[in-house]
Amino acid sequence: MTKNALQIFFNTRNPLFTLTCMGLLLFSSSRLSFAIVVAIALVWVYVVTAVAVFAARPVLPQEGRGIVVGFLSSLIAVFFLFVLWFISPLLTLELLYVTLLVPVCFIGIFPLEKLDSLNAYDAAIEMLRHACVTGSIIIALSLVREPLGFMALSFPGGAQGFIELFNASSNTEFFPLRILAVSSGALLLLGYMTALFHIIIKRLRRSV
């Protein structure tokens, strides 16, 4: 992992500590199939919006620029949903609300104050790193929540929108980790991850 990627992953702008991304992290990490699609949506919205904002920089107003960028990222997210509809209508309906949270998360981390100092390539790379970090956190959460909470593991595809690689829930009447499948369990898991991040940050600072 590069130094810049480490800075994005562990600094104060970490998506794990961004409240605007909290809903996205919780709702999209319930299943691996959902997490993968949302991770792709993150890369698409972040990178394309960053390039589009750079291209439109000469005509963007100084005041109210955040509103324009938010509207632009929302249009790009809607286009992603439009394409996803032709691939899997059921999956699109499942992830409609979650995908529309991606522009909200984008606005929360997009460095508008650095817009004038970034070129198209740097803006795209920075947003790609942010998208990959956020997507990695969502996928990591789903890899814990779905197998332990649902006793299953799914992947995008199929007539139902996702294919279950395995499902052992019918063979167990009582499963104490079922709480991880609901939002309260996700918050608990996220709390443990946040504590782990603080421990890693302290160790990194001591080693510098």
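The residue that is surrounded by the most Cβ atoms within 10 Å (Cβ to Cβ), among those in the range 165-208 that are modelled with pLDDT of 70 or more and not in a helix (DSSP H, G or I), is 182.
Checked against the criteria, residue 53 does not count as in contact with a Leu (Cβ under 6 Å, 6 or more places away or on another chain) and either modelled with pLDDT of 55 or more or part of a helix (DSSP H, G or I) (or both). When the range 62-103 is filtered for residues that are surrounded by 15 or more Cβ atoms within 10 Å (Cβ to Cβ) and among the polar types (S, T, N, Q), the ones remaining, listed by number, are 73, 74, 88, 92, 99.
Among the residues of the range 81-110, write down those that are part of a loop (DSSP other than H, G, I, E, B) and of a type in the set (A, V, I, L, M). Even if it seems obvious, please write down each step before you answer.
Taking the range 81-110 first, the residues part of a loop (DSSP other than H, G, I, E, B) are 88, 95, 100-101, 110.
If the condition is that a residue be part of a loop (DSSP other than H, G, I, E, B) and of a type in the set (A, V, I, L, M), then 95, 100, 101 are the ones that fit.
Can you find even one residue in the range 25-46 that is modelled with pLDDT under 85, surrounded by fewer than 19 Cβ atoms within 10 Å (Cβ to Cβ) and closer than 21 Å to residue 97 by Cβ? Yes. Scanning the range 73-84 finds no residues that are more than 21 Å from residue 162 (Cα to Cα) and modelled with pLDDT under 80. Pairs are defined by a Cβ separation below 6 Å, a sequence spacing of at least 6 or placement on different chains, a first member in the range 20-31 that is in contact (Cβ under 8 Å) with a residue 60 or more places away in the chain, and a second member that is among the polar types (S, T, N, Q) and outside any helix (DSSP H, G or I); the pairs so defined are 31/154. Taking the listed residues 106, 155, 150, the one that is closer than 24 Å to residue 93 by Cα, at pLDDT 75 or above and surrounded by fewer than 16 Cβ atoms within 10 Å (Cβ to Cβ) is 155, with no other qualifying. Across the range 109-132, the qualifying residues are those that are more than 18 Å from residue 80 (Cβ to Cβ) and modelled with pLDDT of 85 or more, and the one among them that is surrounded by the fewest Cβ atoms within 10 Å (Cβ to Cβ) is 125.
The values are calculated or read from the model by the stated rules, or taken from the named source; none is laboratory data. In this text, all values refer to a predicted model and were calculated from it rather than measured experimentally. Using ideal geometry, Cβ is built from the backbone for each residue, glycine included, and neighbour counts are taken over all protein chains shown.
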